[in-house]
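Visitor: Before I ask anything, let me first share the structure, which is written out below as structure tokens.
The values are calculated or read from the model by the stated rules, or taken from the named source; none is laboratory data. Computed from a prediction, not measured in an experiment: that's the story for all the values here. Heads up, the Cβs are rebuilt from the backbone with ideal geometry, glycines too, and the neighbour counts pull from every protein chain shown.
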Amino acid sequence: MCITHLSGMQIKYQLEEEQIPKRWYNIQADLPTPLDPVYSPQTLKPVTPEELNVIFPMALIGQEVSQERYIDIPEEVREIYRYWRPSPLCRARRLEEQLKTPAKIYYKYEGVSPPGSHKPNTAVPQAYYNMKEGITRLATETGAGQWGSALAFATALFDMKCTVYMVRSSYFEKPYRKSMMQTWGAECIPSPSEKTQVGKAMLAKDPKTPGSLGMAISEAVEDAATHDDTNYSLGSVLNHVCLHQTVIGQESMEQFKQAGDQPDIIVGCVGGGSNMAGISFPYLGEKLRGKRKDLRAIAVEPSSCPTLTKGIYAYDYGDTAGIGPIAKMYTLGHDFVPPAIHAGGLRYHGDSPIVSRLVRDKVMEAVAVHQTEVFQAAVTFARSEGIIPAPESAHAIRVVIDEALKCRTTNEKKTILFNLSGHGNLDLAAYDDYFAGKLSDFEYPDSKIAESLTRLPKVG
Ligand SMILES: *Cc1c(COP(=O)(O)O)cnc(C)c1O
């Protein structure tokens with residue numbers, strides 16, 4: 001494709017390090033009604049801060065329930081953010097050309113962090129607050145390995161230890177993020193494992209289980225709950241995780257000022273909801289406060305794990321064994337084991353309670369897409385913009401392309417913003433499978449979902 005006519009046109013909108021946000025934005029302050037309380041799996045009553053303190057530091061428990069609109073980012077955390085923030089906002093001009101769309105497409109690129117995704121935006125403050133409260137080790141789960149590698153990176157910066165329970169199928173099929181975790185000094189264990197009681201029980205039930213995020217969470221929670229020096233850390237879903245990710249959307253607002261533009265549509269992929277929260281919440285806060293009335297936010301998930309589009313809005317456990325807190329969210333049932341699609345980061349049975357609430361209240365839309373059309377979009381993007389997107393992020397790209405093509409039909413000049421949550425340089429095996437025609441599409445059967453939903457906890 002000839003690009004000379006693009007000469008002189010701005011591609012990247014960049015901020016100075018001093019423009020890294022000084023505060024995180026807390027959308028809870030702008031919700032019309034407060035979130036439903038989280039319940040304890042032991043007492044089946046609203047969970048107390050003391051109960052949560054067994055696995056989380058008080059600072060994060062405070063952020064989890066805070067109703068303050070802004071929360072200061074500690075200077076030590078901003079210092080570290082400077083290694084990859086502010087991340088660039090880019091105009092996808094060549095993709096626009098390729099699609100012959102009048103729409104303007106922008107993406108915020110979070111693949112510039114050392115682990116290659118948005119996840120260090122929360123891994124760093126989580127490690128920091130735990131370190132401050134005297135914790136020396138963090139235990140966590142990981143699916144495809146992005147979160148495990150992000151937390152391994154963050155704990156290394158604060159001289160902490162890190163134990164990562166990695167979904168068994170990914171541990172063997174996707175070895176390179178495990179290598180990253182080891183390089184940053186973390187211990188990575190295939191889950192379910194013999195290290196925990198819940199892991200042993202799961203292996204006894206099904207010795208060949210591929211594992212799931214829900215199972216790995218159960219193991220990490222047990223590890224944290226049974227060791228005084230250890231806390232648990234979650235890479236998505238929770239309110240404080242969504243909060244930390246709002247640096248993404250806040251930076252993009254400044255960058256749009258530079259561009260003299262405004263998004264009409266914001267698109268993000270959703271696994272647990274944190275990168276979508278990060279890019280969209282600062283804008284949706286304005287929408288909830290009565291500005292930006294026409295702004296659309298579209299959450300994109302895989303058809304094989306259709307939490308927002310086919311799940312129900314109900315109380316459920318965050319983990320498979322039912323030892324973690326119970327939250328009101330869209331869920332497919334805590335013992336739902338999704339098929340092994342390539343976007344490992346999007347295979348969680350539940351979703352962020354805040355994202356769930358916004359979808360239920362129609363402040364945010366949700367759509368599900370199939371993985372072959374997702375990879376087709378990923379390749380289109382890579383061939384026009386250069387960056388090879390993470391398969392997770394490519395879910396957002398699929399919908400961005402669809403929306404841009406609609407604009408071609410209607411001849412509308414809409415501005416579309418999406419979060420490019422990570423690069424796919426460690427996911428090339430998935431691309432190989434796509435080119436070899438080995439990817440199949442999988443629609444999760446309604447009957448299976450209905451069955452899982454019969455086992456929801458009865459609270460609230
Ligand atoms: C983990 C991950 C996701 C999904 O998690 P969310 O909490 O929904 O953002 C999406 N993209 C990338 C690159 C990831 O690593």
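Visitor: Is it the case that some residue within the stretch 118-137 is among the basic types (Lys, Arg) and within 20 Å of the chain's Cα centre (by Cα)? Spell out how you get there, then give the answer.
Guide: So the first thing to find is which residues in the stretch 118-137 are among the basic types (Lys, Arg), and the list is 119, 132, 137.
Add one more test, that the residue is within 20 Å of the chain's Cα centre (by Cα), and what stays is 119.
Looking through the stretch 118-137, at least one residue is among the basic types (Lys, Arg) and within 20 Å of the chain's Cα centre (by Cα).
Visitor: Here is a further query. Evaluate the stretch 192-213: report whether one residue or more is more than 16 Å from the ligand (Cβ to nearest atom), among the aliphatic types (A, V, I, L, M) and in contact with a strand residue (DSSP E or B) (Cβ under 7 Å, 6 or more places away or on another chain).
Guide: Checked against the condition, which is being more than 16 Å from the ligand (Cβ to nearest atom), among the aliphatic types (A, V, I, L, M) and in contact with a strand residue (DSSP E or B) (Cβ under 7 Å, 6 or more places away or on another chain), the stretch 192-213 yields no hits at all.
Visitor: Need the failing condition index for Ser236 against (1) touching a Gly at 6+ places or on another chain (Cβ under 6 Å); (2) more than 14 Å from the ligand (Cβ to nearest atom); (3) small (Gly, Ala, Ser), just the number.
Guide: The single condition Ser236 does not satisfy is (2).
Visitor: Which one of Phe381, Phe418 is part of a helix (DSSP H, G or I), within 21 Å of the chain's Cα centre (by Cα) and within 25 Å of Pro120 (Cβ to Cβ)?
Guide: On the way: Phe418 fails: part of a helix (DSSP H, G or I).
From the options Phe381, Phe418, the qualifying one is Phe381.
Visitor: Here's something else I'd like to know. Looking at the stretch 421-435 only, could you name the residues that are surrounded by fewer than 18 Cβ atoms within 10 Å (Cβ to Cβ) and either free of Cβ contacts under 8 Å to residues at least 12 places away in the same chain or not in a helix (DSSP H, G or I) (or both)?
Guide: Asn425, Asp432, Phe435
Visitor: For residues that are aliphatic (A, V, I, L, M) and surrounded by 18 or more Cβ atoms within 10 Å (Cβ to Cβ), scanning just the stretch 36-58, find the one that is farthest from the chain's Cα centre (by Cα).
Guide: Applying the filter and picking the extreme gives Val47.
Visitor: Could you check the stretch 261-299 and list, in sequence order, the residues that are small (Gly, Ala, Ser) and within 14 Å of the ligand (Cβ to nearest atom)? Show your work before the answer.
Guide: Step one: of the stretch 261-299, the residues small (Gly, Ala, Ser) are 268, 271-274, 277-278, 280, 285, 290, 297, 299.
Selection gives Gly268, Gly271, Gly272, Gly273, Ser274, Ala277, Gly278, Ser280, Ala297, Ala299.
Visitor: I need the helices (runs of 4 or more DSSP H) fully contained in the stretch 1-108, keeping only those with at least 3 residues that are within 17 Å of Tyr128 (Cβ to Cβ).
Guide: Those helices (runs of 4 or more DSSP H) span 58-65, 75-81.
Visitor: While we're looking at this one, here's another question. Report, by residue number, each residue of the stretch 178-233 that is on the phi > 0 side of the Ramachandran plot and modelled with pLDDT of 95 or more.
Guide: The initial filter retains those residues of the stretch 178-233 that are on the phi > 0 side of the Ramachandran plot, namely 185, 211.
Matches in the stretch 178-233: Gly185 only.
Visitor: If you check Val359, Val355, which single one turns out to be part of a helix (DSSP H, G or I), in contact with a Cys (Cβ under 9 Å, 6 or more places away or on another chain) and β-branched (Val, Ile, Thr)? So that I can check it myself, show each step before the final result.
Guide: Values: Val359 fails: in contact with a Cys (Cβ under 9 Å, 6 or more places away or on another chain).
Step by step, each of Val359, Val355 is checked, and only Val355 is part of a helix (DSSP H, G or I), in contact with a Cys (Cβ under 9 Å, 6 or more places away or on another chain) and β-branched (Val, Ile, Thr).
Visitor: Counting only residues that are farther than 17 Å from Val38 by Cβ and in contact with a Ser or Thr (Cβ under 7 Å, 6 or more places away or on another chain), which one in the stretch 206-217 is surrounded by the fewest Cβ atoms within 10 Å (Cβ to Cβ)? Let's see the steps before the verdict.
Guide: Step one: of the stretch 206-217, the residues farther than 17 Å from Val38 by Cβ are 206-213, 215-216.
Among the residues that remain, those that are also in contact with a Ser or Thr (Cβ under 7 Å, 6 or more places away or on another chain) are: 210-212, 215-216.
On the way: Pro210: 17, Gly211: 28, Ser212: 28, Met215: 27, Ala216: 31.
Top of the filtered list is Pro210.
Visitor: Identify, from the list Asp223, Asp228, the residue that is outside any helix (DSSP H, G or I) and more than 16 Å from the ligand (Cβ to nearest atom). I'd like the intermediate steps shown before the answer.
Guide: On the way: Asp223 fails: outside any helix (DSSP H, G or I).
Asp228 is the lone residue from the list that is outside any helix (DSSP H, G or I) and more than 16 Å from the ligand (Cβ to nearest atom).
Visitor: A further question on this structure: If you go through the stretch 389-430 one residue at a time, how many are within 12 Å of the ligand (Cβ to nearest atom) and among the β-branched types (Val, Ile, Thr)?
Guide: Looking only at the stretch 389-430, we keep the residues that are within 12 Å of the ligand (Cβ to nearest atom), and these are 389-397, 418-427.
Narrowing further to those that are among the β-branched types (Val, Ile, Thr): 397.
Qualifying residue count, the stretch 389-430: 1.
Visitor: Let me ask another. Can you tell me which of (1) at pLDDT 95 or above; (2) surrounded by 22 or more Cβ atoms within 10 Å (Cβ to Cβ); (3) in contact with an Asp or Glu (Cβ under 6 Å, 6 or more places away or on another chain) is the one Thr372 doesn't meet?
Guide: Among (1) at pLDDT 95 or above; (2) surrounded by 22 or more Cβ atoms within 10 Å (Cβ to Cβ); (3) in contact with an Asp or Glu (Cβ under 6 Å, 6 or more places away or on another chain), Thr372 violates only (2).
Visitor: What is the residue count in the stretch 125-170 for residues that are away from the ligand (no atom under 16 Å from the Cβ), in a helix (DSSP H, G or I) and free of Cβ contacts under 8 Å to residues at least 40 places away in the same chain?
Guide: Residues in the stretch 125-170 being away from the ligand (no atom under 16 Å from the Cβ), in a helix (DSSP H, G or I) and free of Cβ contacts under 8 Å to residues at least 40 places away in the same chain: 3 in total.
Visitor: I've got another one for you. I'm checking my understanding of the structure. Among residues of the stretch 109-124 that are among the aliphatic types (A, V, I, L, M) and part of a helix (DSSP H, G or I), which one is nearest to Asp72 (Cα to Cα)? Give the derivation first.
Guide: Step one: list which residues in the stretch 109-124 are among the aliphatic types (A, V, I, L, M), which gives 112, 123-124.
From the residues that got through so far, the ones that are part of a helix (DSSP H, G or I) too are 123-124.
Details: Ala123: 16, Val124: 15 Å.
Ranking the qualifying residues of the stretch 109-124, first place goes to Val124.
Visitor: Report, by residue number, each residue of the stretch 436-460 that is hydroxyl-bearing (Ser, Thr, Tyr), buried (at least 16 other Cβ atoms within 10 Å of the Cβ) and part of a loop (DSSP other than H, G, I, E, B). Walk me through it before giving the result.
Guide: We begin by selecting, within the stretch 436-460, every residue hydroxyl-bearing (Ser, Thr, Tyr); these are 440, 444, 447, 452, 454.
If we keep only those that are buried (at least 16 other Cβ atoms within 10 Å of the Cβ) too, we end up with 444, 452.
Tyr444 - this is the single residue of the stretch 436-460 that is hydroxyl-bearing (Ser, Thr, Tyr), buried (at least 16 other Cβ atoms within 10 Å of the Cβ) and part of a loop (DSSP other than H, G, I, E, B).
Visitor: More than 16 Å from the ligand (Cβ to nearest atom) and within 23 Å of Gly235 (Cβ to Cβ): does that describe Pro302? Steps first, answer last, please.
Guide: On the way: more than 16 Å from the ligand (Cβ to nearest atom): no; within 23 Å of Gly235 (Cβ to Cβ): yes.
The answer is no for Pro302.
Visitor: Follow-up question, since we're still on this one. With the condition kept exactly as written, say whether any residue in the stretch 340-348 is surrounded by 24 or more Cβ atoms within 10 Å (Cβ to Cβ) and more than 13 Å from the ligand (Cβ to nearest atom).
Guide: Among the residues of the stretch 340-348, not one is surrounded by 24 or more Cβ atoms within 10 Å (Cβ to Cβ) and more than 13 Å from the ligand (Cβ to nearest atom), which makes the answer no.
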